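Heads up, the thing below is written out as structure tokens.
Every number here is computed from the coordinates shown, using simple stated rules; none is lab data. Here the structure is a predicted model, which means the values were calculated and not measured. As a convention, Cβ positions derive from the backbone with ideal geometry for all residues, glycine included, and neighbour counts pool all protein chains shown.
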Amino acid sequence: MAQTLMRQARGPVTGTAKATRRRKPFLLDLYSTAVGKKYVMAITGIGLIGFVVFHMIGNLKMYMGSSDLNEYAHFLEKLLYPILPKTVLLWILRAGLIAMAVLHVHAAYSLTVLNRKARSVKYQSARDYEVASFASRSMRITGVVVLLFIVWHLLDLTFGTVNSYTGTKVIGGSDDGLKDVYGAVVYSFDRIPVAIFYILANIALGVHLFHGVWSLFQSMGWNNPRFNKWRRQIAAGIATIVVVGNVSFPVAAMAGIVG
């Protein structure tokens, strides 16, 4: 009898708890876990790597002359025109890239916090600490440098806040709306401190890409020991191509090869 009364007394309390408890949407619930954050870092990393590589390839038109680079920039502004107004799709893509970058940074920061909380026992020696955390510490440093570089790059060649030449029109061009992107790039790299910053930032980007590409294979579960050699070669190849290509632009401007 007493047990029956206890069950009846518990019933409404349990029912109320179930009624008021709401489950998170699946994606948010997954993102709250370390595995979910690693997936987000890997997926956004793949998208950002793709952008970096194709952006560098497009900028190689600089070596084909001012008209080719300016026409390429104009082509990007007219994506899906006249279905959409000029530059609309370009800004949608930029917004998507910014969103991926924000998610990437937030996932990285959240994982760092989770890892620190989970590490209840400190490393036994300085040697163990150095070996275990060198890669992650370098990723944080290079990540901050890359983030600062992105902000500067936008202020320099997109908004023209720190580059008075950005937005200048081509004189006598076939299109009155054609911007002299080539001239803006040359003007930017003619400033030695800016050119040096671009070089150093892209070296940091290369280090970040190398470890990032290597890590995303593991985050996505593509880490079979038989493929580790290929993972290293792919990571090194992507990082090298991006660094050599991007660093060549300020070097070519300072050497007078372009301009």
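Numbers below:
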item: Relative intensity, log₁₀ I(q)/I(0), of the range 30-255 from a Debye sum that treats every alpha carbon as a point, q = 0.10, 0.14, 0.17, 0.18 Å⁻¹; result: -0.55, -0.98, -1.31, -1.41
item: Peptides 158-167, 196-205 ordered by average Cβ neighbours within 10 Å, highest first; result: 196-205, 158-167
item: Cut-off 17 Å, label 7 Å out along Cα→Cβ of Ile234, residues of the range 41-66 by amide N; result: 41-54
item: Net charge of Cβ neighbours under 11 Å - reference Leu30; Lys, Arg +1; Asp, Glu -1; result: +2
